[in-house]
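Below is one structure. I have some questions about it.
Derivation of every value follows stated rules applied to the coordinates shown; laboratory data play no part. Values in this document were obtained by computation on a predicted structure and should not be read as measured data. Every residue, glycine as well, gets a Cβ built from its backbone with ideal geometry; the counts of neighbours run over all protein chains shown.
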Amino acid sequence: MSIDNLIASVKSRQNTRGVTSRKELQPAPIIEQHLNKIRSKRDRLAYNLVLSWHKNNEAVKSKLLEKNTLSYMDLLLVLNHEYSLAQEITIDRSILFERLEHAIVKAEVEVVYGELWKLAYHNEIKARLNNCVELAPAGPAAVNQPIKGEDGRYRNEKLRACFSQMYGVAMDKGLMLGSVTINLNEKYIDKIYEQKSVVPVKDALRYRLDAFLPANTPNRAFVFEIAGERGIHLHGFVLFERQDETALRKSLRKLGTSNPNSVMIKTSHESYRQPALYELMQAFEEYGRDVLWTQVRQRTSLTVGAADYLSKDLGKRTLPGGQPSRVLTNSGDKIPGMSFEDFYFARKGLIDCLVSKVRNDWETGDQDAMISALVQNSKGLSNVQRLFTSPELEYLREEP
């Protein structure tokens, strides 16, 4: 069967199977637990590395001299919070069904699925390393401009730095990190147009947020966007105490329209992921070959993808008065430690240092071979691969 006929056959089966073509599998709790453990450990490391660089960058540089290129690559993934990547792996179903067109033997499905997941995983790591290098251009970078990656997605270093800092603070202080969307009401839109400035809304945000947000904390970052001919909405991140979420939403409603959904706060993200091999094999007896159509619904804490979403129109759409949309940050009180600006420049300095060490090898070398070696040598990446490609999970007594 040709690949074109195979794809047509697959689409036909999808259309006729209805709901069963998208059957959901229950996530294996042990897999979710270990994925979160692996990711949170690296996300905390990302925050602490930047704090260390800010405190004494020469000492960090000295320690980096003991590392090799593969270690630098792994650290770039860590600093960019890319350890959520396993939850976004997608196996090309046309290739999957071509390889398993007549398979009815569990062992055959196990082998092929594991191979294709590894291939998709390695390709995803390669793409994300490319993005890490692209986000650290050799020359000066425009702080409020997004960079479009090879995958077509936009990213911005400043927004990623805001996310990284607030994520780290949330972990350290036991706070909630939420993404916020506010569709502004006419009162505040009029003020922006009259004053040709977003300062009135920024001041109103400070007033509405200060009562709920922890003092001495870099606790909010927002991006304004034009919505249609006149509407204006904003996206951002805030830190808050868990018990204050309802009151916080009620306070922010004063800035929104009469629509109950004019203010949205999200502290988690729901999506679908490719089943791990263990999950697939557990369902094989029930579904047989149709198990290849399944997916796993997952709910995770916010990932760096939330920051990337905020950057999609950054600097592109002009606000009244010809102002480009930019990242606005502030805090309830003067911060005794690191400000947003301090953290941004410390993180940028560390990432630029790492990119300078890998750029030449990465751009001139065999990237596929480097990725294979990276997965083999990185404890975190190898643990993720093993977690998704092992048919049995007894080994998980080991620490990720």
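Count charges around GLY168 for me, please; just the other residues with Cβ under 10 Å from its Cβ, Lys/Arg as +1, Asp/Glu as -1. Before the final figure, lay out each step's value.
Numbers: positive: ARG44, LYS173; negative: ASP43, ASP172.
Net of charged neighbours comes to 0.
Grab the DSSP H runs of the chain that are 4 residues or longer, score each as -39,500 (n - 2.57), total them, divide by all residues and round the 222 nm result to the nearest 500 deg cm²/dmol. Don't skip to the answer; put the middle values down first.
Values: 16 runs with 207 residues, N = 400.
The helix-only estimate for the chain comes to -16500 deg cm²/dmol at 222 nm.
What net charge is computed for the residues neighbouring SER268, neighbours being all others with C-beta under 14 Å from the C-beta of SER268, Lys and Arg scored +1, Asp and Glu -1? Intermediate results must be reported in sequence, preceding the final value.
On the way: positive: ARG39, ARG242, LYS266, ARG297, ARG299; negative: GLU32, GLU245, GLU270.
Summing Lys and Arg as +1 and Asp and Glu as -1 gives +2.
Dipole magnitude of the chain about its Cα centre, charges +1 at Lys/Arg Cβ and -1 at Asp/Glu Cβ only, in debye to the nearest 20?
1320 debye
Long-range amide H contacts for ILE89: which residues qualify at under 5 Å (H placed 1.01 Å from N, peptide plane, sequence gap of 5 or more or a different chain)?
Here the answer is GLN274, since their amide H atoms fall under 5 Å of that of ILE89.
For SER325, which sequence-distant residues (separation of 5 or more, or a different chain) have an amide H within less than 5 Å of its own amide H, given hydrogens modelled in the peptide plane?
So SER325 has HN proximity to GLY315, LYS316, ARG317, LEU319.
What percentage of all Cα-Cα pairs in segment 30-85 are separated by more than 19 Å? List each step's numbers first, then the result.
Details: 531 of 1540 pairs.
Tail fraction, whole percent: 34.
Still on this structure: Give the long-range amide H neighbours of LEU25: residues separated by 5 or more places, or on another chain, with amide H under 5 Å away, using H modelled in the peptide plane at 1.01 Å from N.
Here the answer is GLN295, VAL296, ARG297, since their amide H atoms fall under 5 Å of that of LEU25.
How would you rank 34-43, 241-250, highest first, on the average number of other Cβ atoms within 10 Å across their residues?
On the way: 34-43: 18.5, 241-250: 13.7.
By packing density, highest mean first, the sequence is 34-43, 241-250.
May I pose another question? Taking the Cα atoms of segment 66-220, what is the range of coordinates along each of the three principal axes, in descending order and whole Å?
67, 45, 34
Next up: Give me ILE232, ILE125 ranked fewest to most by other Cβ atoms within 10 Å of their Cβ, as a rough exposure proxy. Don't skip to the answer; put the middle values down first.
Numbers: ILE232 23, ILE125 27.
Fewest to most other Cβ atoms nearby, the residues stand as ILE232, ILE125.
Based on a Kirkwood Rh over C-alpha pairs, give the Stokes-Einstein translational diffusion coefficient of the chain at 37 °C and viscosity 0.692 mPa s in µm²/s. Write out the running numbers ahead of the final one.
Details: Rh = 23.2 Å.
Diffusion coefficient, whole number: 142 µm²/s.
Starting from the 7 Å offset along Cα-to-Cβ, what nm value, one decimal, do you get for the label separation of GLU108 and THR300?
So the label points at GLU108 and THR300 sit 3.3 nm apart.
Between their Cα atoms, which of LYS126/LYS148; LYS55/LYS202; LYS37/LYS126; LYS41/LYS148; LYS158/LYS202; LYS126/LYS357 are more than 21 Å away from each other?
Details: LYS126/LYS148 16 Å; LYS55/LYS202 31 Å; LYS37/LYS126 23 Å; LYS41/LYS148 28 Å; LYS158/LYS202 18 Å; LYS126/LYS357 17 Å.
Check vs 21 Å cut-off fails for LYS55/LYS202; LYS37/LYS126; LYS41/LYS148.
Sum up the charges of everything whose Cβ sits under 13 Å from the Cβ of VAL111, counting Lys and Arg as +1 and Asp and Glu as -1, but leave VAL111 out.
0
Assuming a viscosity of 1.567 mPa s and a temperature of 4 °C, what translational diffusion coefficient in µm² per second does Stokes-Einstein assign to segment 89-133, Rh being the Kirkwood radius over Cα pairs?
Details: Rh = 11.5 Å.
D, rounded to a whole number, is 113 µm²/s.
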